[in-house]
Amino acid sequence: MKFTINWLKEYVDIGDLTPEALADHLTMLGLEVDSVTPLFQELAPFKTAKVLSVEPHPNADKLNLCEVAVGDETFSIVCGAPNVRKDLLTVIALVGTILPDGTKIKASKVRGIKSFGMLCSERELGLSESHSGIMELPRETPHGQALIEALGIDDILVEVDLTPNRPDCASVIGIAREVSSVTRTALNVPVKSAVLQHSNRDFSVDIEDSEVCPRYAARLITNITIEESPWWIRKRLLSIGLRPINNVVDITNLVMMEYGQPLHAFDYDNIAGKQIIVRHPKNNEKTFTTLDGIERTLEPDMLMICDAKEPVAVAGVMGGMNSEVTDTTTSVLLESACFNAISIRRTARRLKLPSEASFRFERGVDPGGCVTAMERAVSLLCEVAGGTAMEGGVDLYHGIRPLNSLKLRISKTSALLGIPLDYDKITDVLQSISIRCKKKDDDTIWVNPPTFRIDIEREVDLIEEVARLIGYNNIPTTLPKVGLDYPEQESKRFLRKQTSALLVDMGISEAINYSFVAEKHSAMMHLSEDDSRRSFVHLLNPLSEDQTVMRTMLLPGLLENVKRNINFQNIQVKLFEIGKVFTPQGENEHPIEKERLTCVLTGKRFGNASSLYFSGDPVDIFDAKGIAELLFENLRLYGCNEDDIIQFRTPNKSEFETYGDPDQCLILDSPKGVIGQLSRLQSDVAKEFGIKQELFYIDIDFELLCALKAASKDFQQLPVYPAVKRDIALIVPATVKSGNLLESIRSSKEKFIEQCEVFDIYQDKSLANNMKSIAVSVTYRSPTKTLTEKNVNKSHTKIINTLISKFNGSLREG
């Protein structure tokens, strides 16, 4: 949107605001100013001049010798313009002046007579295309004055980058309204409001679809004389980059820029049947020639303005050649309408025909301002073009919308903006831009946005207006209050992430399976008929036959994963899944959902690692036990806290799973109950899933695991004194467990023991029947001194004697 400071001053008093300060205010109001540019600076060197005398050139029939006065000086000029005459006030470019096209004026001889400048036409000055003669100025213009002062074009152009939601500011009056809210001065407009009586019988208007044309108004003006517009109109248009054409077209463009309402003038004598029909093209209307002389291809959904015979304009975009106002036009039908923004945008894009009119229609024009803008244009046509406005006209407003009445809460406005506000302050700023307000109660204001503010639809829009008008820079900056306490994390989710990370670090891949499974899985797992895991939650609309029920176990899904891997020749598989299982409760009750952790191992212990460096031994029950131990140790649930220690033990007869090998099975026990088990999968169960190699699994109740209390982290100083290692090799009965030996050593009261571990278990024919050899390494260290041989021997001897007596053993010789 472009306007000049002098044009703006016609509607609002800006006081002592400089153009730069005005630009800052507009930007803070949300109307970003792109540029502030002085106008016509290229015409600054040109002067006004008075022709004192005119004589024929002695050596040329079409040239004249002119004496020209420029202030106190007189210059001889050779001129060939047909309209040069004595006492004419015109424009002169003296020697050294550079024309807008870059030509530099020099003193030169023309047919033997020296000329000291040039008298200029409007085209040479860049003011219009007129080149029929030199420019003529009013008789009262003083000579020797700067041209930009004489023409009143010493002005400043301001260009505003409008956002799509502010079509009301696509006009000089719209900008002036915003400025008036800053200066708190009255807004002066040529026509404030107008009502058109529907009484004209000379023509008719018909709208086929009020959705795409909510309002259409028209008036007839006769006895018009088409000629060049007066300078004040041309000056306004030139200053914002519009080309003057003739008085009728220039007035429609002037009013469009003034009110933001596009207008169009038809040559009334070329309107067939004296009838205007707003409709879409008929099947046989495929093309249309617009005012620029280009034939456009029409599409069925493009809105057209038609007479009784054919289209005469593309609605909201451009008029047609067949109804153009020409030099012979004497009667004009003036259109002022409101069209659907989406329809106009679509048409302009398809035709690749952007225009000032479509720019405004695409954003939405004020349907309530159509008649007001038209009456302004009618008054100018009568004043400037000598026209006679026929009484009444046509105003079809079928798409009228109900008044948009909104409630604005003072408390909410204050809360959102963070500043104290009251009724007087809010109504003062809103009424400064013509928004009507009325008090409802102590905290509520009834607000009626004007029709030109199509962007105000909700209470928050009004609050934004209040903030904008008060000034964003006047709202104090405050930081949000944020507590510095660290938000407590959900322990179960944290443990799940930690568990997943630990298992992945062990080289086990995480699997994520559907909770929907096949009902046949219970039979494939050889579950007994009375097993609760045979009771399923059935799906009403299963995705497939293999996804008819909600799972009660994670293991079958992982076995299907193993089978798929083996089928793709990946026989080294280590997978785990943490997921929910579902236990039905009743017909109309939600099932119980519990999380479990299940892990499966099959193939080689070291997977696909090179056999050159790693053994090709298959996984066994001890690999499964090692994974469980390492997991629990890292979770501080194993061997750290006596109350919550997890123990590995052999199962009772009632604890055997039908799908697990009873000879290779361990129960994971805790003070809160059994949390799971690890075992070898029965071969016949594995075959049910198409698995022919040994497979081991770990199955844990994750809910119960989360309920266990992890040992607190205990930090100790790094050891300063050296450690001493001693080994013990005992021959004990084969029924003695190595873990019992370690437990006996740890539970002894020898204070120097730091660590003990089994490093060898040996059993062969050289030993007595039912006997085996267990070798244990014991590490001794004191935190306060270096241990002597005597200190170590004393403790070590006590331990050996305790183990021999407790486990009925003896030291191994050699």
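The values are calculated or read from the model by the stated rules, or taken from the named source; none is laboratory data. All of these numbers come straight from a predicted model, not from anything done at the bench. Glycine also receives a Cβ, built like all others from the backbone with ideal geometry; neighbour counts cover every protein chain displayed. These area figures cover heavy atoms from the full protein model, side chains too; ligands, DNA and RNA do not enter into them. Shrake-Rupley method; radii C 1.70, N 1.55, O 1.52, S 1.80 Å.
Just one of LYS492, LYS412, LYS407, LYS438 is among the charged types (D, E, K, R) and without any contact (Cβ under 8 Å) to a residue 40 or more places away in the chain; which is it?
Of LYS492, LYS412, LYS407, LYS438, the one residue that is among the charged types (D, E, K, R) and without any contact (Cβ under 8 Å) to a residue 40 or more places away in the chain is LYS438.
Can you say whether GLU457 is open to solvent by 50 Å² or more (accessible area, probe 1.4 Å), over 23 Å from ILE592 (Cα atoms), acidic (Asp, Glu) and touching a residue at least 12 places away in the same chain (Cβ under 8 Å), as far as the supplied structure shows? Talk me through it step by step, then tell me what you get.
Details: open to solvent by 50 Å² or more (accessible area, probe 1.4 Å): yes; over 23 Å from ILE592 (Cα atoms): yes; acidic (Asp, Glu): yes; touching a residue at least 12 places away in the same chain (Cβ under 8 Å): yes.
Yes.
State yes or no: is VAL51 part of a strand (DSSP E or B) and modelled with pLDDT of 90 or more?
Values: part of a strand (DSSP E or B): yes; modelled with pLDDT of 90 or more: yes.
The answer is yes for VAL51.
In the range 231-253, what count of residues is obtained for those that are surrounded by fewer than 18 Cβ atoms within 10 Å (Cβ to Cβ) and in a helix (DSSP H, G or I)?
Of the residues in that region, 2 qualify.
Based on this model, can you work out whether ARG551 counts as in contact with a Gly (Cβ under 7 Å, 6 or more places away or on another chain) and basic (Lys, Arg)?
Yes.
State whether one or more residues within the range 401-417 are under 20 Å from GLN261 (Cα atoms) and of a type outside the set (Asp, Glu).
Looking through the range 401-417, at least one residue is under 20 Å from GLN261 (Cα atoms) and of a type outside the set (Asp, Glu).
Can you list the strands (runs of 3 or more DSSP E) lying wholly within the range 584-697 that have 3 or more residues being open to solvent by less than 40 Å² (accessible area, probe 1.4 Å) and at pLDDT 90 or above?
Strands (runs of 3 or more DSSP E) meeting the threshold: 592-602, 660-670, 673-681.
Please report, ordered by residue number, the strands (runs of 3 or more DSSP E) entirely within the range 96-203 with at least 2 residues that are surrounded by 13 or more Cβ atoms within 10 Å (Cβ to Cβ) and in contact (Cβ under 8 Å) with a residue 24 or more places away in the chain.
113-115, 117-119, 156-161
Test each condition in (1) touching a helix residue (DSSP H, G or I) at 6+ places or on another chain (Cβ under 6 Å); (2) over 30 Å from THR658 (Cα atoms) for LEU718 and report the one that comes out false.
Among (1) touching a helix residue (DSSP H, G or I) at 6+ places or on another chain (Cβ under 6 Å); (2) over 30 Å from THR658 (Cα atoms), LEU718 violates only (1).
Between a residue in the range 611-636 that is under 28 Å from GLN682 (Cα atoms) and any residue that is of a type in the set (Gly, Ala, Ser) and surrounded by 14 or more Cβ atoms within 10 Å (Cβ to Cβ), which pairs come within a Cβ distance under 7 Å, given they are 6 or more apart or on different chains?
Once the first residue is under 28 Å from GLN682 (Cα atoms) and sits in the range 611-636, its partners that are of a type in the set (Gly, Ala, Ser) and surrounded by 14 or more Cβ atoms within 10 Å (Cβ to Cβ) give PRO618/GLY603; VAL619/GLY603.
Select the helices (runs of 4 or more DSSP H) contained entirely in the range 398-478, then report the ones holding at least 3 residues which are of a type in the set (Asp, Glu).
Answer list for the range 398-478: 459-470.
Give me the residue from the range 215-230 that is surrounded by 16 or more Cβ atoms within 10 Å (Cβ to Cβ) and more than 17 Å from GLY393 (Cα to Cα) and, out of that set, nearest to the chain's Cα centre (by Cα).
Pass one, the range 215-230, residues surrounded by 16 or more Cβ atoms within 10 Å (Cβ to Cβ): 215-221, 224, 226, 229.
From the residues that got through so far, the ones that are more than 17 Å from GLY393 (Cα to Cα) too are 224, 226, 229.
Working: ILE224: 53, ILE226: 52, SER229: 48 Å.
Looking at the filtered set, the residue picked out is SER229.
Tally the residues that are open to solvent by less than 40 Å² (accessible area, probe 1.4 Å) and either outside any loop (DSSP other than H, G, I, E, B) or among the aromatic types (Phe, Trp, Tyr) (or both), restricting the search to the range 13-34.
Qualifying residue count for the region: 6.
Give the residues of the range 367-415 that are at pLDDT 90 or above, farther than 21 Å from LEU333 by Cβ and in contact with a helix residue (DSSP H, G or I) (Cβ under 8 Å, 6 or more places away or on another chain), sorted by residue number.
LEU406, LYS407, LEU408, ARG409, ILE410, LYS412, THR413
Output the number of residues of the range 380-406 satisfying the condition of being farther than 30 Å from ILE276 by Cα and surrounded by 13 or more Cβ atoms within 10 Å (Cβ to Cβ). Show your work before the answer.
Our first condition is that a residue be farther than 30 Å from ILE276 by Cα; within the range 380-406, this holds for 404-406.
Restricting the remaining residues to those that are surrounded by 13 or more Cβ atoms within 10 Å (Cβ to Cβ) gives 404, 406.
Total meeting the criteria: 2.
Among the residues of the range 764-814, what is the count of those that are in contact with an Asp or Glu (Cβ under 8 Å, 6 or more places away or on another chain), of a type outside the set (Phe, Trp, Tyr) and within 12 Å of GLU750 (Cα to Cα)?
The qualifying residues number 6.
Any idea which of GLU375, GLU383, GLU391 is part of a helix (DSSP H, G or I) and either under 23 Å from PRO450 (Cα atoms) or touching a residue at least 60 places away in the same chain (Cβ under 8 Å) (or both)? Steps first, please.
Values: GLU383 fails: either under 23 Å from PRO450 (Cα atoms) or touching a residue at least 60 places away in the same chain (Cβ under 8 Å) (or both); GLU391 fails: part of a helix (DSSP H, G or I).
Answer to the check: GLU375.
Could you grab me the full set of residues in the range 254-283 that are in a strand (DSSP E or B) and open to solvent by 30 Å² or more (accessible area, probe 1.4 Å)?
Hits for the range 254-283 are HIS264, GLN275.
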